[in-house]
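Okay, so here's the structure we're looking at.
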Amino acid sequence: MQYFEDIVVGNVKESTDSYELKAQEIVDFCEKWDPLPFHTDERAAEQTPVGKLFTSAIHTVAIAIRLGHQLQTEPVATAIGLGWDEVRFHAPACAGDRLRLRGEIIEARVSEGNPSLGVIRSLMSLKNQDDETVISFKAAALIRRRPQSE
């Protein structure tokens, strides 16, 4: 188990596998959650500045979260997520893209309200096969500190 004390500011990890975004997945997700024509119809997508089928922003966030689980080489003593800040959508995620996640620890401090917990902040960047950032955000979580008996 990895505790707060084991997490080092500046540590960088990348997802071990890339995620290939398929056209049918985009259509299926967006028909349910973001049914804009340029997400669900290739012809409509061709008329946009992107010029091809691309998924919704929330779908790219979900992919980033899924890939984030690959950044953990061992279980982390996470108590709860605190939120995301500075969420930015830099480029569209399109059918055929191969996406991977890069995470960097940017802050680690003991919780002022509960010293048995630490606050970790990470900069997360979802990148495509051309190393172009698709989305980025700062994620914060409460992590349990190592029990005194260990």
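What follows draws every value from the coordinates through simple rules; no lab data is involved. Predicted, not measured: the structure shown is a model, and the values here were computed from it. With ideal geometry, Cβ positions are generated from the backbone for all residues, glycine too; neighbour counts draw on all protein chains shown.
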Whole-angstrom gap from the stretch 15-32 to the stretch 36-70, using each part's C-alpha centre
8
Give, in nm to one decimal, the length gained when the segment between Ile58 and Asp6 is fully stretched (0.36 nm per residue of separation minus the Cα-Cα distance).
15.6 nm
Fewest first, what order do Thr73, Thr55 take by the number of other Cβ atoms within 10 Å?
Thr73, Thr55
Relative to the chain, whose Cα atoms define the longest principal axis, helix 57-68 and its Cα axis are tilted in degrees, nearest 10, by 40
Could you give the nm distance between label points at Glu132 and His69, where each point is 7 Å from its Cα heading toward the beta carbon?
2.9
Just flag the GluC sites (Glu not before Pro) in the stretch 69-112 sitting in loop per DSSP whose Cβ has no more than 14 other Cβ atoms within 10 Å.
Glu112
Rounded to whole angstrom, the alpha-carbon centroid of the stretch 131-150 lies from that of the stretch 93-128 at a distance of 5
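Using DSSP to call loops (not H, G, I, E or B), can you name the chymotrypsin sites (Phe, Trp or Tyr not before Pro) in the stretch 1-99 whose Cβ has at most 15 other Cβ atoms within 10 angstrom? Before the final figure, lay out the partial values.
On the way: sites: Tyr3, Phe4, Tyr19, Phe29, Trp33, Phe38, Phe54, Trp84, Phe89; in loops: Tyr3.
When the chymotrypsin sites (Phe, Trp or Tyr not before Pro) of the stretch 1-99 are filtered for loop state and at most 15 Cβ neighbours within 10 Å, Tyr3 remain.
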Just the ratio, please: alpha-carbon radius of gyration of the stretch 4-128 over 2.2 N^0.38 Å, N its number of residues.
1.26
Are there trypsin sites (Lys or Arg not before Pro) in the stretch 1-43 that DSSP marks as loop and that have at most 16 other Cβ atoms within 10 Å, and which are they?
Lys22
